[in-house]
Amino acid sequence: MFYDINDDINDILKRLAQENITFNDKIILVTGGAGFLGSWVCDVLIKQGAYCICLDNLTSGRFDNIAHLMKEDNFRFINHDISEPIYFGFTHHPKGICVGEIKKIDIVMHMASRASPFEFKKYPIPILKSNTLGTMNALGIAKAHNALFFYTSTSEVYGNPPGDAVPTSEDYFGHVNPVGPRSCYDESKRAGEAFVKAYELQHKIKTKIVRIFNTSGPRIRSGSEFGRVVPNFIKQALSNQDITVFGDGTQTRSFIYVTDEIEGILKMVYKEEALGEVINLGNDKEFTILELANMIKELTHSDSKITFKPLPIDDPVRRCADLTKAKKLLHWQPTTTLKEALIKTIAWFKDNEL
């Protein structure tokens, strides 16, 4: 199969156009804009005629994801860590760097953070900073410009919910280990949500929070050092290496394809009905990790063996999104099947990652 990422980007544009959703002429700051999801957001915004400011320090984001946008007049890349202060509209400021020529920002989309469990042990402090100090700095920009603030949180705030809380709705408060190996991510995302709500209460900032579930697709990072389950399985299968499953593979996840995720994100940013809300964006169909491994092995025609390793500490037993709120407020639900998503992602990996 030949895969062209522009086909998927155009598909997102068509879906948004059906509801007259456009960000034309809006000035939008995307932190983490060179990352997996952030770069897709930048692509769509640029094609809609928004002025997109991509802020990323390229520690987990890739310049390759945005290189094609550098020629666009309505795109600006700033290499900066959002954990450190940055000010727009100032020619100088005693507390951080300044971008004086950008006088107005309409929307701040804070999407910067490492997100792979493989990174939690190696980069816990940067992860904590991006979701606490980084969130505070991004909120400060929104406050200074009276901008809408959008925060990408995660299903990891739910921790390891009991069976009667799966599928998990937004009113579940979580079962999280605050001192475990995943705490740098789980707890910093929970703290990030608290920062958002504090600024909403005290400074009357308009805010929206989305909790993202397992997303995959082209541009997702791979490799045992920092990859996630879908890209790691695909890369192992294409290389005929052992596909390594943690635990016995009966733990579940709900996988969503990137185009569905980006459509949901931009619908949420746009819709007034979502103001002040926290909304799940994921899938309400569960698959076991072993089912995923076998599906990838079949689709890649791989000779890989499936092997098993000990389950990491605090690894969630089940993960599935309750989408009731997203369906009601955003008129959104995923439409891409897991098989369709994997076929596209595998085709992209063959062309770009091998």
Among (1) assigned to a helix (DSSP H, G or I); (2) over 19 Å from the mean Cα position of the chain (by Cα), ASP303 falls short only on (1)
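From ILE53, ILE28, ILE21, ILE9, which residue is in a strand (DSSP E or B), at pLDDT 95 or above and touching a Lys or Arg at 6+ places or on another chain (Cβ under 9 Å)?
Numbers: ILE28 fails: touching a Lys or Arg at 6+ places or on another chain (Cβ under 9 Å); ILE21 fails: in a strand (DSSP E or B); ILE9 fails: in a strand (DSSP E or B).
Testing whether each residue is in a strand (DSSP E or B), at pLDDT 95 or above and touching a Lys or Arg at 6+ places or on another chain (Cβ under 9 Å) leaves just ILE53.
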When segment 136-180 is checked residue by residue, the ones that are farther than 24 Å from MET111 by Cβ, crowded, with 16+ Cβ neighbours inside 10 Å and in contact (Cβ under 8 Å) with a residue 60 or more places away in the chain are ASN160, PRO161, VAL166, PRO167, GLY180
*asked:* Considering only segment 238-246, I want to know if a residue exists there that is buried (at least 18 other Cβ atoms within 10 Å of the Cβ) and among the charged types (D, E, K, R).
replied: no
Expected single match for under 22 Å from GLU193 (Cα atoms) and hydrophobic (A, V, I, L, M, F, W, C) among ALA112, ALA67 is ALA112
Flagged in segment 262-299 as hydrophobic (A, V, I, L, M, F, W, C) and either within 18 Å of the chain's Cα centre (by Cα) or under 19 Å from LEU16 (Cα atoms) (or both), in numbering order, are ILE262, ILE265, LEU266, MET268, VAL269, ALA274, LEU275, VAL278, ILE279, LEU281
Among ASN6, ASN10, ASN74, the single one that is over 21 Å from LEU139 (Cβ atoms), without any contact (Cβ under 8 Å) to a residue 40 or more places away in the chain and more than 20 Å from the chain's Cα centre (by Cα) is ASN74
Residue hits (segment 271-285; surrounded by fewer than 17 Cβ atoms within 10 Å (Cβ to Cβ), at negative phi and in contact with a Lys or Arg (Cβ under 9 Å, 6 or more places away or on another chain)) are GLU273, LEU275
Within segment 31-58, of all residues that are crowded, with 23+ Cβ neighbours inside 10 Å and among the charged types (D, E, K, R), the one nearest to THR215 (Cα to Cα) is ASP43
Listed by first then second residue, the pairs whose first member lies in segment 302-330 and is closer than 24 Å to THR154 by Cα and in contact (Cβ under 8 Å) with a residue 12 or more places away in the chain, whose partner is assigned to a loop (DSSP other than H, G, I, E, B) and aromatic (Phe, Trp, Tyr), with beta carbons under 6 Å and at least 6 positions apart or on separate chains, are ALA321/PHE213; ALA326/TRP332
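I'd like to know if segment 313-327 contains one or more residues that are part of a loop (DSSP other than H, G, I, E, B), more than 20 Å from the chain's Cα centre (by Cα) and surrounded by 15 or more Cβ atoms within 10 Å (Cβ to Cβ).
For segment 313-327, residues part of a loop (DSSP other than H, G, I, E, B), more than 20 Å from the chain's Cα centre (by Cα) and surrounded by 15 or more Cβ atoms within 10 Å (Cβ to Cβ): present.
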Considering segment 59-104, residues that are small (Gly, Ala, Ser) and loosely packed, with under 13 Cβ neighbours inside 10 Å, and then whichever is farthest from TYR123 (Cα to Cα), we arrive at GLY100
Check: Quick one: would you say LEU292 is of a type in the set (A, V, I, L, M, F, W, C), buried (at least 20 other Cβ atoms within 10 Å of the Cβ) and either outside any loop (DSSP other than H, G, I, E, B) or in contact (Cβ under 8 Å) with a residue 12 or more places away in the chain (or both)?
Finding: yes
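Just checking, which of ARG211, ARG228, ARG253, ARG190 is under 13 Å from the mean Cα position of the chain (by Cα), charged (D, E, K, R) and at pLDDT 95 or above?
ARG211
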- Query: Would it be correct to say that THR135 is within 26 Å of ARG211 (Cβ to Cβ) and hydroxyl-bearing (Ser, Thr, Tyr)?
  - Reply: yes
Selection from segment 328-349 of residues in a loop (DSSP other than H, G, I, E, B), surrounded by fewer than 18 Cβ atoms within 10 Å (Cβ to Cβ) and either basic (Lys, Arg) or in contact with an Asp or Glu (Cβ under 7 Å, 6 or more places away or on another chain) (or both) yields THR335
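The values are calculated or read from the model by the stated rules, or taken from the named source; none is laboratory data. Every value quoted in this text rests on a predicted model; they were computed, and no experiment measured them. All Cβ positions, even for glycine, are placed from backbone atoms using ideal geometry, and neighbour counts span all protein chains on display.
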